[in-house]
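Quick notes on the structure that follows.
The values are calculated or read from the model by the stated rules, or taken from the named source; none is laboratory data. Quick caveat: nothing in here was measured; it's all calculated off a predicted structure. Ideal geometry is used to build each Cβ from the backbone, glycine not excepted, and the neighbour counts take in all protein chains shown. Ligands, DNA and RNA are stripped out before the accessible areas are found, and what is left, the full protein with its side chains, is counted by its heavy atoms. Shrake-Rupley method; radii C 1.70, N 1.55, O 1.52, S 1.80 Å.
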Amino acid sequence: MTSAPTRVAAPAGRTLSPARRIQNTVMGGLILLATLLVVAPLILIFFYLIKEGVGAINLDFFTKVPAPEGETGGGLANAILGSIEMLALASVIGVLVGVSGGIFLSEYPRHPLMPTVRMISDVLAGIPAIVMGLVAYGLIVLQFGFSGFAGALALGFLMIPIVVRTTEEVLKLVPLTVREAGLALGLPKWLVTLRIVLPAAAGGIVTGVMLALARVAGEAAPLLFTAFGNSGINLDPSKPMSALPLEIYRGATSAYDENQRLAKAGALLLITLIFLTSLLARRASRRK
């Protein structure tokens, strides 16, 4: 006969000594202080923009174009529509190239071109936004003039390294057994990647695209060399086009209080949109 297993009582929890309790309190306070130092700039920016710019947000802000210099009224309808259109075009470039690069780096790690593609992606991630604007200026503006296409190209270049890195990391989270199951059915590797691996990682890829959009939505420097701006509403991307960062820059450097107030309202709208996009991306990532 086998005897019943003997239960060992868990040792009683030890109380912290006064010195360790003080040390724990001090370190907790330092962590809280560091957290406040990180969050404080964002809170201060929000409060400042709400105080200075919320008064300019009304129906005219979303439906009218900027008034002439020094005059009251007007809005940023041209900039809002221009930003939406250029970001949509930039997403086409960033998603197609970025997702393709991420798939290549994740699924073909032994390919001879893999080190080259990774190096190019890392270099793109470190290039300043204004340099991307100069590249788009040389490729498109010098040949065809200022346009929304040129601005979208510059923003798309900025999105590519973010989407590449996100796609690569998300695809690596898909279990190897999923790929092996598809290959065991006789499917070629490219079809396994497109029909099985990508759908499994779709949530993370969408999150990366949303974060990339939030990253490039506030860039003004590359648009100064490419989209140039437009005082009217223009939906033709082959012509100069306005954007929220451009109008914020021009209004903030204006000598008139009304233009500065409109710029602060545009900055409040832009930061709110970026904040909501980042929040949605994080929630989607956690849910996935």
Self-check item: Every residue from segment 195-239 that is assigned to a helix (DSSP H, G or I), under 18 Å from V92 (Cα atoms) and of a type in the set (A, V, I, L, M, F, W, C)
Solution: L198, A202, I205, V206, V209, M210, L211, A212, L213, A214, V216, L223
Practice problem: Report yes if some residue within segment 59-69 is open to solvent by less than 40 Å² (accessible area, probe 1.4 Å), part of a helix (DSSP H, G or I) and at pLDDT 90 or above; otherwise report no. | Solution: yes
Quiz item: Of all residues in segment 247-271, which are more than 21 Å from P222 (Cα to Cα), open to solvent by 50 Å² or more (accessible area, probe 1.4 Å) and in contact with a helix residue (DSSP H, G or I) (Cβ under 9 Å, 6 or more places away or on another chain)?
Solution: Q260, R261
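The rows are residues; the columns are (1) open to solvent by less than 10 Å² (accessible area, probe 1.4 Å); (2) within 17 Å of V97 (Cα to Cα); (3) touching a Lys or Arg at 6+ places or on another chain (Cβ under 7 Å).
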position: I120; (1), (2), (3): no, yes, no
position: V123; (1), (2), (3): no, yes, no
position: G126; (1), (2), (3): no, no, no
position: I130; (1), (2), (3): no, no, no
position: G133; (1), (2), (3): yes, no, no
position: G138; (1), (2), (3): no, no, no
position: F144; (1), (2), (3): no, no, no
position: S147; (1), (2), (3): yes, no, yes
position: L155; (1), (2), (3): yes, yes, no
Self-check item: Only one of I130, I160, I140 that is within 27 Å of R282 (Cα to Cα) and either assigned to a helix (DSSP H, G or I) or touching a helix residue (DSSP H, G or I) at 6+ places or on another chain (Cβ under 7 Å) (or both)
Solution: I160
Practice problem: Kindly check whether there is at least one residue in segment 107-124 that is among the β-branched types (V, I, T) and within 21 Å of the chain's Cα centre (by Cα). | Solution: yes
Quiz item: Counting just the residues of segment 197-246 that are touching a strand residue (DSSP E or B) at 6+ places or on another chain (Cβ under 7 Å) and open to solvent by less than 50 Å² (accessible area, probe 1.4 Å), which one comes out nearest to L279 (Cα to Cα)?
Solution: A227
Exercise. For L276, state whether it is modelled with pLDDT of 90 or more, assigned to a helix (DSSP H, G or I) and farther than 24 Å from G101 by Cβ.
Key: no
